[in-house]
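Chemist: Here it is, the structure, as structure tokens.
The values are calculated or read from the model by the stated rules, or taken from the named source; none is laboratory data. Fair warning: this is a prediction, and the values are worked out from it, not measured in the lab. Every residue, glycine among them, receives a Cβ derived from its backbone with ideal geometry; neighbour counts consider all protein chains shown.
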């Protein structure tokens, strides 16, 4: 541990909280800073939409809730960020992609064992589009969902993903090209 860095006494004593244990104390809202309740009310609906776009409607609520739990447990730290909403969006997007990776690994294991999982039916409205988004490479899918679910500016997408605006432009351009080819539309029709 670096000298002068504050250490949580529980960590120093070797105690570790499991993910199913509640945090030691509720987060304290900073004077002049956003309250967690206001943050939750503002961000939760859009987090659910982001999770739905990336992982599907069946697990969207759970993924969004897990992202908010992570923010709640670290609220003193997260509230101090210039953009706490970008942090929680990143946690949500990463959790959604992780879930899809776990599902893919489980699916491959089930195929090796000889059984096939039943496909889940999605609502027909935009399901074909979001099915194709989920097939994109991870960063392209994240950039697309952040841009079109949240209607974020490129700078906000870049901040959420932890990359440059130029990288976001590349991800979105490649995603649009791939989606247009897969869906049989022009690139203007995908955005």
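Chemist: Which of the residues belonging to region 143-186 are surrounded by fewer than 17 Cβ atoms within 10 Å (Cβ to Cβ) and not in a helix (DSSP H, G or I)?
Modeler: 151, 153, 162, 163, 164, 184, 185, 186
Chemist: On the phi < 0 side of the Ramachandran plot, at pLDDT 90 or above, buried (at least 16 other Cβ atoms within 10 Å of the Cβ) and within 23 Å of the chain's Cα centre (by Cα): which single residue out of 67, 82, 38 fits that description? Break it down into steps so the answer makes sense when it comes.
Modeler: Working: 82 fails: buried (at least 16 other Cβ atoms within 10 Å of the Cβ); 38 fails: buried (at least 16 other Cβ atoms within 10 Å of the Cβ).
One residue alone meets the criteria, 67.
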